[in-house]
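Below: one structure, written as structure tokens.
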Amino acid sequence: MKQTTDFGELATRSGEWMRGTGPESDIVVSSRIRLARNLADFPFIRRCSDEDRISIERTVRAKMEKLEGWKEVHYFDLEQLTEIDRQFLVERQLVSREIADADGARGVAVSPTEQFSVMVNEEDHLRIQVMHSGLDLKSVWTQINSLDDQLESSILYAFHSTFGYLTSCPTNVGTGLRVSVMLHLPALVITRQIEKVFRSMQRINVTVRGLYGEGSQYSGDFYQVSNQTTLGRSETELVELVGDNVVPRIIEYERKARQYLLDEGKQDLHDDVSRSLGILSTAKKISSEETMHYLSKVRLGLNLGLIDDLAVGTINKLFMQTQPAHLQKLQGRLLRSSERNVERATYLQRHLSDAFGD
């Protein structure tokens, strides 16, 4: 494993899950599965002393360094990183906001393609996640199951013969598995159907969160849909619940809403999309929230064939690289909020101009 604090090269590219080429990728941005695991020989994180946290981090890191195929995996010691570096990893969906804002010994191992990451000393001792582009949960499950087996071959997990994997939060006991799909749902927002759709999801133990997971705000019309509980269900059942039952229904609702917009107001929609692209291409300063809003409109227009010569992957990349920490890493310096708004506008102009060949 490579221990690193260099984010320069990482900031210039997108992870594999942001390619925009997976199944149903016009609506489904990414599919993620996360496993919560704890070491048998230590108390849960909330009962750990500082010495326990240090021992867990060192033990897990040493075990991972010896795993076959992990030579190119990057390891970030979060305790040693600056606040902006930790925020950068949150923006890339590689760590949770909780572990970024925590104290004490903690870290994350990240694969070169960013398909998987393993957080150490989050809410549980280990949070293993795998993320793919588009609706691809079965492939994600195959990969994370293999990864979990590899880690369990050298780490003794806390496991109960009746209850399954033991976790700090009771809702994760059992499989410790959280299936999460990130969806872009602008048409349901525009047609004011989004709340009705999500109320129907709550009745089948599915929860909806914002772009950065639990506690985060909805922005850019992005929503994360995931299972609420794990106890009493197998891993396969949970994957099928979200991937075969819930998400296809939401996709169907979004497609119908998009078709309605085209049938009932294509000219108005085209005008809205064109105005959004115009603002992004000409603004002299623009906030992160405004950027997310207008990029969402452009992404919708692109997927409906209202805009040519732009790739979904380009728009996905702009969503990421215009976030505050990414923007500062790309500029190589800390920026005040007002400076970020100016630099963000300049960055958008340059990249949209390049995309259109101007």
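The table that follows gives values for the structure above.
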item: Cβ-Cβ under 6 Å pairs, at least 6 apart or on other chains, segment 96-121 side in the same structural domain as W70 (by TED's automatic domain parsing) and of a type in the set (K, R), far side modelled with pLDDT of 95 or more and assigned to a loop (DSSP other than H, G, I, E, B); result: R106/N121
item: Criterion (in a helix (DSSP H, G or I) and surrounded by fewer than 17 Cβ atoms within 10 Å (Cβ to Cβ)) met by exactly one of R299, R258, R275; result: R275
item: Residue, surrounded by the most Cβ atoms within 10 Å (Cβ to Cβ), within segment 73-120, restricted to residues that are aromatic (F, W, Y) and under 20 Å from S30 (Cβ atoms); result: F88
item: Sole exception among (1) over 20 Å from V273 (Cα atoms); (2) assigned to a helix (DSSP H, G or I) for R333, by number; result: (2)
item: Selection from segment 17-36 of residues that are touching an Asp or Glu at 6+ places or on another chain (Cβ under 6 Å) and not in a loop (DSSP other than H, G, I, E, B); result: S31, L35, A36
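Let's see how each residue does on (1) more than 21 Å from P23 (Cβ to Cβ); (2) small (G, A, S); (3) in contact with a helix residue (DSSP H, G or I) (Cβ under 7 Å, 6 or more places away or on another chain):
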{"site": "L188", "(1), (2), (3)": "no, no, yes"}
{"site": "R192", "(1), (2), (3)": "yes, no, no"}
{"site": "R199", "(1), (2), (3)": "yes, no, no"}
{"site": "T207", "(1), (2), (3)": "yes, no, no"}
{"site": "D221", "(1), (2), (3)": "no, no, yes"}
{"site": "V225", "(1), (2), (3)": "no, no, yes"}
{"site": "L238", "(1), (2), (3)": "no, no, no"}
{"site": "L261", "(1), (2), (3)": "yes, no, yes"}
{"site": "E264", "(1), (2), (3)": "yes, no, no"}
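The values are calculated or read from the model by the stated rules, or taken from the named source; none is laboratory data. Keep in mind it's a predicted model, so treat the numbers as computed, not measured. Glycine also receives a Cβ, built like all others from the backbone with ideal geometry; neighbour counts cover every protein chain displayed.
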